[in-house]
Amino acid sequence: MRSAALARPAATADELARLRERIERIERTSRIGSEAPVLPAPAGIAGLLPGGGLRTGTAYSLDRSMPLITALLAAPSAAGAWCAVIGMPELGIEAAEASGIALDRLVLVPRPGERWLGVAAALAEVVGVVALRPGGTVRDGEAARLAARLRERETVLLVQGRWPGAEASIRAGAPDWTGLGEGHGCLDRGEATIAVDVRRGPGSRRARVVLVGSSGLPAVPGDAVGRGDAGTGHEATGRRLRAVG
Amino acid sequence: MERCLVLWFPDWPIVALQRSPESRHPAGAPLAILAQNVVVACSDAARREGVRRGMRRRDAQARCPELRLAAEDPSRDAREFLPVADRIEQLAPGLQLLRPGLCVLRIRGPARYYGGERPAALALVRLLHEEGLEVRAGIADGRFAAEQAARRAEDVLLVPEGDDAAFLAPLPIALIEDERLATLLIGLGIRTLGEFARLGAHDVHHRFGPDGALRHALAAGLDPRRFAAREAAPDHTAEVAFEPPLALADQVAFGVRMTAERFIDALARTGLVCTELRVELDGPAGDGIERVWTHPAAFDAAAVVDRVRWQLEGGLAAAAAAALREGVERVRLTPEAVASRSAHEPGLFGRGADERLVHALSRVQAMLGPAGVVTPSVGGGRRLAERQRLTPWGERPPRPDDRPWPGRLPPPYPASVYPEPIPIEVHDAHGAPVRLAERGTAQGEPTWITIAADGSGTGRDGRAAPGRAERRRITAWAGPWPLVERGWSPTERRRADRFQIVDETGGAWTLLLERDEWSIEGRYD
């Protein structure tokens, strides 16, 4: 469908974008009602996401950045949701706590082995946000079945890696670190560019956020930005709608 | 009104102390039990020396220098009384415990059996004497009168039917066990229970409220308190024996299924659910492995079977369980803690969110084993991996540790902490490995890190080329920060040095240098 639309010579970029938006809206209406509830996301990233947060009942594809996982789990967890992290034995508990994740509402399945998909499906029924590192490739049919369960239970799935039918992909670029010198100092904060590619959306949206907070500040970029450095915060919101690439 | 028999064990706190296993006081020694420096009970030997209840410690010791003192312990009194109560219950059913050392039972049954109230009471007292217990019995229409009779008995004192009021009338007013009311009544010139009883019930209720009215009824021999027999603690232990012994965990799990269902059903019939379960697995040689399992909600039969299986799998893996080498001969299930079933009943309109959660997590646990699903907490320690505490779902998390740990990493914390340290190489500009100099500084400037290709999750995209190590230039670093642990123990002491490093690709690490070996402790990006 996409390639067919692109092949039409008369279609301008504007027209394409408008049409895609309409298709998306129609699809969403038939799928999960016009406005599925949205779980909060950290301020720096929220502006990049369609709907301003993590839309319940959908999956997001993430890169391997662990602070990105903690940052995305923090806001829903602080708002009272249960979270599950599957297949990430190295998740830093202290970092998770410092970012605002409620540890008493966090469940870990560090090594699901071959049964990662079954575990994800079981937990998707009962927790608000599931973060998953797949133990192998997923078939489209399996992903569709899981997607149906996500929609029914209004669960958000965050996948480290590619995922068929993901609402958006969220990537954290390599951070720039401050605080550490050559033989002296101490890591203080890491700023990274978050890039969000919405499915059928017009290219990536990017923002610069503090991904790893300084001096015990939570790793929620928006918080860290708001309290730590107003300039970066403006930059983040200013660039919110700028399409790059 | 049903006639009752009160059994009173004089100086019960002293008897309990002498009967308790931790006591080392010889029989016949003068003993006193103190609460807030005041004697609350004393032995006969002490009483002969002039020690009395209500005396201060100093005065008691002055009267009797060899007096042995012990602190009051209500739980000891109760603990030691329970076997006595069980023994009495074997002799005569329907027992109500009033407090340790004092209990009441219906006299009707024993009276019929022994041919009269006095013979029944005498038989009970004699049987308890044979157990080495000194006891007095009082029989009356009401509990209060029976208790007063027991306290005044040589061995048995019987108040005839309908004579409670006459028996109580001459007794001092202080016995109503309400010090303020008694003082007030003495001030009003009322010195005996009989004089109090002669006041009009309506007036007493009007002036002293319901509590005063109750005291008035007691004094008048009209004890309104109903008899409530102690319920015998039901034995919910379930057991299954295998002949011949079973060697495979699956066989045992299958064999225990029916017993588990019976165990849960039996509890359910008494309106209870099990929240803590003791599982004992015995081999042919006798003792096996036992442990207590907790459940986040309440055990059902499948959960019980899972625990038996996990315990067996864990026990067989441990070489220590030699007792089970020839298989399992007996499985015993005991409820360690129970709760009312009403608190765990599924709601009328489907289950609550939390119950669904417990159910789903238990299902995953059944798939992966008990340690498959864990809840995290932050523990104590200096190393990052030590501070990550993972507790199997359903078990009690360890107590939080908020002591200061000098040498622990300050925030921000790395988002990845490797449970097992991952080896890494650190070289200086000339390619020589960086070591620790004598003075505790780095020897050579860290310039390159080399990450093994198969290090789990070390490549930024998790796609480090197989078979080829990845070399990155270090752009910033700091350290060493020494970690000295268990310095007091020559065998257990450990020393490591921590470094923070940022590489050219934006990777930020905390590394440990221990005995000239570098490893990755955590990763920030």
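The values are calculated or read from the model by the stated rules, or taken from the named source; none is laboratory data. If you're wondering where the values come from, they're calculated on a predicted model, not measured in any experiment. All Cβ positions, even for glycine, are placed from backbone atoms using ideal geometry, and neighbour counts span all protein chains on display. Areas reflect the complete protein model, heavy atoms only, side chains present, ligands, DNA and RNA absent. Shrake-Rupley method; radii C 1.70, N 1.55, O 1.52, S 1.80 Å.
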note = Over the range A:184-216, the set of residues within 14 Å of chain B (Cβ to nearest Cβ) and either within 25 Å of A:ARG18 (Cα to Cα) or open to solvent by less than 30 Å² (accessible area, probe 1.4 Å) (or both) is A:LEU187, A:GLY190, A:ALA192, A:ILE194, A:VAL209, A:VAL210, A:LEU211, A:VAL212, A:GLY213, A:SER214
ask   = Pick from the range B:508-524 the residues that are in contact (Cβ under 8 Å) with a residue 12 or more places away in the chain and part of a loop (DSSP other than H, G, I, E, B): which of them is surrounded by the fewest Cβ atoms within 10 Å (Cβ to Cβ)?
value = B:ASP516
ask   = When only residues in the range A:130-177 that are assigned to a loop (DSSP other than H, G, I, E, B) and free of Cβ contacts under 8 Å to residues at least 12 places away in the same chain count, which is least open to solvent (accessible area, probe 1.4 Å)?
value = A:THR137
query = Among (1) of a type outside the set (Phe, Trp, Tyr); (2) out of contact with any strand residue (DSSP E or B) (no Cβ under 8 Å at 6 or more places or on another chain); (3) under 25 Å from A:GLY213 (Cα atoms), which single condition is A:GLY183 missing?
reply = (2)
key: Qualifying position, being at pLDDT 85 or above and part of a loop (DSSP other than H, G, I, E, B), among B:VAL51, B:VAL104, B:VAL6   = B:VAL51
query = Can you name the residue in the range A:50-94 that is at the interface with chain B (Cβ under 8 Å from one of its Cβ atoms) and over 20 Å from B:VAL378 (Cα atoms) and, of all such residues, is most open to solvent (accessible area, probe 1.4 Å)?
reply = A:ARG64
Residue list for the range B:154-167, filter: touching a strand residue (DSSP E or B) at 6+ places or on another chain (Cβ under 6 Å) and touching a residue at least 24 places away in the same chain (Cβ under 8 Å) = B:VAL156, B:LEU158, B:ASP164
task = Within the range B:269-282, track down each residue that is in contact with a His (Cβ under 9 Å, 6 or more places away or on another chain) and open to solvent by less than 20 Å² (accessible area, probe 1.4 Å).
result = B:CYS274, B:LEU277
Unique residue being assigned to a helix (DSSP H, G or I) and without any contact (Cβ under 8 Å) to a residue 12 or more places away in the chain when the list is B:PRO119, B:PRO110 = B:PRO119
request  = Starting from the range B:405-434, keep only residues that are closer than 14 Å to B:ARG498 by Cα and without any contact (Cβ under 8 Å) to a residue 12 or more places away in the chain, then list their pairs with residues that are of a type in the set (S, T, N, Q) and in a loop (DSSP other than H, G, I, E, B) whose Cβ atoms are within a distance under 9 Å, requiring at least 6 positions of separation or different chains.
outcome  = B:PRO410/A:SER215
message = For the range B:367-395, give me each residue that is more than 10 Å from chain A (Cβ to nearest Cβ), part of a helix (DSSP H, G or I) and crowded, with 17+ Cβ neighbours inside 10 Å.
response = B:PRO370
Criterion: open to solvent by less than 60 Å² (accessible area, probe 1.4 Å), of a type in the set (Gly, Ala, Ser) and over 30 Å from B:GLU161 (Cα atoms) - qualifying residue of B:ALA213, B:ALA220, B:ALA266, B:ALA285 = B:ALA266
ask   = Are any residues in the range B:41-68 exposed (fewer than 13 other Cβ atoms within 10 Å of the Cβ) and not small (Gly, Ala, Ser), and if so, which ones?
value = B:ARG48, B:ARG58, B:PRO65, B:GLU66
message = Could you go through the range B:150-157 and let me know if any residue there is surrounded by 14 or more Cβ atoms within 10 Å (Cβ to Cβ), in a helix (DSSP H, G or I) and in the same structural domain as B:PRO10 (by TED's automatic domain parsing).
response = yes
message = If I go through the range A:97-109 residue by residue, how many of them are more than 7 Å from chain B (Cβ to nearest Cβ) and free of Cβ contacts under 8 Å to residues at least 40 places away in the same chain?
response = 4
query = If you go through the range B:17-32 one residue at a time, do you hit one that is in the same structural domain as B:GLU131 (by TED's automatic domain parsing) and within 25 Å of B:LEU157 (Cβ to Cβ)?
reply = no
query = Checking A:LEU108 against (1) in a strand (DSSP E or B); (2) under 16 Å from the mean Cα position of the chain (by Cα); (3) not aromatic (Phe, Trp, Tyr), which test does it fail?
reply = (2)
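For every residue, the table says whether it meets (1) part of a helix (DSSP H, G or I); (2) in contact with a Gly (Cβ under 8 Å, 6 or more places away or on another chain); (3) on the phi > 0 side of the Ramachandran plot; (4) at the interface with another protein chain (Cβ under 7 Å from one of its Cβ atoms).
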site	(1), (2), (3), (4)
B:ALA360	yes, no, no, yes
B:GLN365	yes, yes, no, no
B:PRO398	no, yes, no, no
B:ARG408	no, yes, no, no
B:TYR418	no, yes, no, yes
remark   = In the range A:98-120, anything over 14 Å from A:THR70 (Cα atoms), open to solvent by 20 Å² or more (accessible area, probe 1.4 Å) and of a type in the set (A, V, I, L, M) is listed as A:LEU117
inquiry  = Of everything in the range B:162-211, what is hydrophobic (A, V, I, L, M, F, W, C), over 18 Å from B:ALA149 (Cβ atoms) and in contact with a His (Cβ under 8 Å, 6 or more places away or on another chain)? Give them in sequence order.
reply    = B:PHE196, B:LEU199, B:ALA201, B:VAL204, B:PHE208
